[in-house]
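Contents: one structure, followed by commentary.
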Amino acid sequence: MTDPLIIAALLPIAASLLAPAVVRALGPRAGWVLALIPAAIFFWLVQQLPLAPGEVLSRSVPWVPALGIDFAFLLDGLSATFVLLVSGIGALVVVYAGSYLAGDPRLGRFYLILFVFMGAMLGLVLADNLVTLFVFWELTSISSYLLIGHDHARSGARESALKALLVTGAGGLVLLVGFVLMMIAGEQLGLDPAVAGKISGLATVDLRGHALYPAIFWLVLIGCLTKSAQVPFHFWLPAAMAGPTPVSAYLHSATMVKAGVYLLARLNPQLGDTALWHWAVGLAGLVTMLTGSLATLGQRDMKRVLAYSTLAVLGTLVMLIGVGTAMAIKTAVVYLVAHGLYKAALFMVAGNVDHETGTRELRQLGGLRRFMPWTALAGILAALSKAGAPPMFGFIGKEMLYKTKLDLEAIGAWAVVASVVANVALVASALMVSVWPFLGRTQETPRKPHEAPLAMLLGAVLLSLFGLGRGLLPEPFETTVGSAAATAILGTPVEMHLKLWHGVDPAALTVMGLSLLTLALGGALYLMIRHRAAPVGPFLRRACSVGPTQLYDLSLRALYTGADGATRFVQSGRLRFYVTITVAFALLAVAPPLWRAMTWQLPVAPEGWRLHEILVVLVGMLATLTAAFLRSRLATLAVIGATGTCVALIFVLFSAPDLALTQVMIEVLTVVLLVMVLYRLPRVVPRSSGLSRLRDLIVATAAGLTMTLFVLAVAPIARDTSVSEFYLQNSAPMAFGRNVVNVILVDFRALDTLGEITVLGTAGLGVFALMRLGVGRRKRKESR
Amino acid sequence: MRESLILRATVRLLLPLLVLFSLFILLRGHNEPGGGFIGGLLAAGGLCLYQLAHGGDAMRRVLRIDPRILIGVGLATAMASGLPALLRGQDYLTGIWGKGVVPGIGKLSTVLVFDIGVYLVVAGTSLLMVLTLADGATEEEDS
């Protein structure tokens, strides 16, 4: 448990519990202290670098050994890249959130969930065991639900959070089935169950040849596509913007949506490189890339522009993993890191603009560089990387993207065209979030703009400078984790050589030409949008509102209506209905086997019947019959009380004084309670119709008859007396009590009693809550 | 509710007797018929009678404690009575018996503590139900 890898994987979740206390002690400055935790993980990992390609660090702690489930963790190039992103960006987001949410009374709660989220993501990218991975996967869904819905008083935030949870949660269930099938297939291929549950273990067999492969592939793919917001499951991501900006920054750059990309990359050696994989994964990515990049043009809200451009990048990443050549994988790694850096920075920039001016609507913004110079610098640097302009890291990514596409022989041309189209749109959207708000004429904003505080600048500036630094000096990246990450995804060793300038050979020049063409076209497109020359906005916005979103809304509404109807049908709220159904079902269950087992033998009392016994029984029966025919409720109650007393008498006659005492007390209290209930009922007793009375009669008679027959059937059976013998003999010597009933209650079976009194107390509180609620509601209605 | 002088006067005398009797029943429970469950019901029954004669508020005054607190304290007592056994390495809720004999109670034990917990929960629950329903009933009459 003391291994640094395991500590790194579990530390944030453990630390989450401390977060509210730290916030209470330090207020908004708590972010600086809390950020030390992810920062420590980040620097610990930097210490472990460089990772040689193929180098793997793995640790395991047993969790449920009987089922072959361990806390198995694995650190290779791919997980290291992700851990660096999650912890590095995480630390900056934690600092940022302290200032962004300063004054929010729920900041402590927010940090708690943010750390759980961070820990879940770290666990996810480090997990080697499929079940462990799945647990962390679901934990990211749940914690992101809480983060998106942070502003839970707003219905929009709640709906968006629910949308994210339902889509990714449903995908998670599909994924679980896929994982189970993978384990089954692994075992059938001769793996030990403990090994078949591990991703690294499954790499040793050929899952692709197994009959279950297509099923596994589709299930895992759907899980990843929902998580990574790929078409047609993409609609939850733009909606998830309803969360506070630090959440968006984190969710879009390093966590959550990257989890699907991560899993596809992680499973590439096990499931990839088949025709199915190339086509399905590649196509899903391609469609998402085009959808996201075109949709981004129609947006005028800074966060929405960024949200849709995330879709485009995620699509590109998925497409690259689908293509699966060495070049494509290397590109994916570069693109992934570049996107993480600039997207987190841009979201923080958008958050600063929103926070300091009061709006994120582009049409109300302009010339902010005069008021917010640092934010503007970070925004423009990050946007340059997003646009893929030299010398940013994003430029290298885009160059590699074009090169990958040109290398594909069969579909190369089409893929290049699609990539160029998507990137032109991305360039335009990058200019929309950087040039539009920061340059040009100053606009009137709801709030007087001023520069954001240090905590909110730090992340954006650092990340955007990092993007610039990586672009100028790509070598440290490729030698530390880049090559190792690509190796981990491919499963075979590769070397990465990143360059800003490739020299003058025809292939390199083509790529360079495409890059420049993209930039030029993107710039032109931006100018058209800015000056309203291209009326794409309304059209694209309308296009975004149709499709899967509507299907989601429709099915959600259908679910609500269906649940409503089912509840209304099953829960009529009428006590008589419930009793009838309960009794009728008990009858159906008991009567048929009873009928077959019946021996029709009347039991004979050993000492014969005594007169007073018969009398008590007769009085009880008479009272019961009377109760059925009485009109007055009060009289009915009294008669039912008489029945109960008769039962108590029978207990006395057959020497069960404890039972008799209890029965009498219960009888008294029941009558008292029922009398009080009577006060709450309308005075007039509604007569049921003849038909329903007949039905009640039949059910009641059948129940009585069945019970009688049941007792008759059981009576002649010789009972096993060993249990009661044990109690009778051991009560006094072992538990020092002569009253066996009580000894059983408080000593031999005390745990049962504890459970019973807990239920009893809860029932009492339930009555209290229900009555109070009802009374309160009635009072409110009256006062209205 | 209609007021009856006889009932009111009798109940005033009966209540202390009933509560005392319920404690007696509770304590003798281990050897003779009785125990926490019956004792709790008995105490609740006595207070119910008082409530019927004098009304819910008067009963609350006599009781002094919110029945919800009785439930909580009772549950906590019953749960805590199992802990000493854990400290001794035995199973949870194993009875532990003291040496000395207290006159009128008998041997002290964790089992007795557990039974007291049962007594409190049962009495608290019954009283909570009765009081809640009674409040509703009087409100209905007022309106």
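Values in this text are rule-based calculations from the coordinates and carry no lab data. As the structure is a prediction and not an experimental result, all values here were calculated from the model. All Cβ positions, even for glycine, are placed from backbone atoms using ideal geometry, and neighbour counts span all protein chains on display.
Structure data summary
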| quantity | calculated |
| --- | --- |
| Largest-first principal axis extents of the Cα set of the stretch A:199-263 (Å) | 45, 25, 10 |
| Stokes-Einstein D (µm²/s) once Rh is taken as the Kirkwood radius of the stretch A:555-648 over alpha-carbon pairs, at 20 °C in 1.002 mPa s | 119 µm²/s |
| Helical mean residue ellipticity (222 nm; -39500 (n - 2.57) per DSSP H run of 4+; nearest 500) of chain A | -24500 deg cm²/dmol |
| Structure-based [θ]222 nm, chain B - -39500 (n - 2.57) summed over DSSP H runs of at least 4, per residue, nearest 500 | -24000 deg cm²/dmol |
| Per-pair calculated FRET efficiency, R0 = 45 Å: A:Phe585 and A:Thr492 via Cβ, rounded to 0.05 | 0.10 |
| Summed side-chain charge close to A:Val313 - residues other than A:Val313 whose Cβ falls under 13 Å, Lys, Arg +1, Asp, Glu -1 | +4 |
| Whole-number percent relative contact order across chain B, with pairs defined as alpha carbons under 8 Å at least 6 apart | 27 percent |
| Computed log₁₀ I(q)/I(0) - Debye formula, equal Cα scatterers, no solvent, the stretch A:235-367, q 0.09, 0.12 Å⁻¹ | -0.28, -0.48 |
| Whole-Å distance, taken between Cα centres, linking the stretch A:305-380 and the stretch A:733-773 | 61 Å |
| Estimated FRET transfer efficiency when R0 is 22 angstrom, pair B:Val101-A:Met734 (beta carbons, to 0.05) | 0.70 |
| Computed label-point distance, nm, for sites A:Leu625 and B:Ile65 using a 7 Å Cα→Cβ extension | 4.8 nm |
| Partner lysines for A:Lys227 [C-alpha distance under 26 Å; skip if fewer than 8 residues away on the same chain] | A:Lys163, A:Lys198, A:Lys258, A:Lys303, A:Lys330, A:Lys343, A:Lys386, A:Lys398, A:Lys405 |
| Net length gained if the chain between A:Phe577 and A:Leu559 were fully extended (0.36 nm per residue, minus Cα distance) | 3.9 nm |
| Dipole-positive endmost among A:Ala66, A:Gln47, A:His531 within the protein assembly as shown (Cβ charges, Cα centre) | A:His531 |
| Length-normalised contact order of chain A in % [C-alpha pairs under 8 Å, at least 6 apart] | 11 percent |
| Size of charge dipole - chain B - debye, nearest 20, with Cβ of Lys, Arg +1 and Asp, Glu -1, no other charges | 700 debye |
| Residues of type lysines that B:Lys99 reaches as a straight line, Cα spacing below 19 Å, ignoring anything fewer than 8 places off in the same chain | B:Lys107 |
| Convex hull volume of the stretch A:609-682 per residue (C-alpha atoms, cubic angstrom) | 66 Å³ |
| Spin-label model distance (nm) - A:Asp407 vs A:Glu361, 7 Å beyond Cα toward Cβ | 4.8 nm |
| Inter-centroid distance (Cα atoms) of the stretch A:181-231 relative to the stretch A:466-526, Å | 32 Å |
| Ranking of A:Cys646, A:Cys224, B:Cys48 by count of other Cβ atoms within 10 Å, fewest first | A:Cys646, B:Cys48, A:Cys224 |
| Nitroxide proxy distance, nm - points 7 Å out along Cα→Cβ at A:Leu283 and A:Val570 | 4.0 nm |
| For A:Ala30, net neighbour charge (Lys/Arg +1, Asp/Glu -1) across residues whose Cβ lies under 14 Å away | +3 |
| The stretch A:574-652 and the stretch A:267-290: distance between their alpha carbon centers, rounded to Å | 70 Å |
| Against the rule of thumb 2.2 N^0.38 Å, how large the Cα Rg of the stretch A:316-417 comes out | 1.32 |
| Chain B: equivalent-ellipsoid semi-axes (sqrt of 5 x gyration tensor eigenvalues, Cα, Å) | 34, 18, 9 |
| Contact order normalised by residue count of the stretch A:568-702, Cα under 8 Å, 6+ apart, percent | 22 percent |
| Rule-of-thumb Rg ratio for the stretch B:1-77 [Cα; 2.2 N^0.38 Å; N residues] | 1.19 |
| Spherically averaged projected area of the stretch A:30-137 from its Cα convex hull (nm²) | 7.4 nm² |
| Electrostatic dipole magnitude of chain A [Cβ: Lys, Arg +1; Asp, Glu -1; Cα centre; debye, to 20] | 3680 debye |
| A:Ser60 long-range amide H proximity, modeled H, under 5 Å | A:Phe73 |
| Likely footprinting exposure, A:Asp151, A:Asp192, fewest C-beta neighbours within 10 Å first | A:Asp192, A:Asp151 |
| The stretch B:89-96 - phi-based ³J(HN,Hα) in whole Hz, Karplus 6.51/-1.76/1.60, Gly and Pro as x | x, 9, 5, 4, 6, 5, x, 10 |
| Rg/Rh (Cα only; Kirkwood hydrodynamic radius) as it applies to the protein assembly as shown | 1.11 |
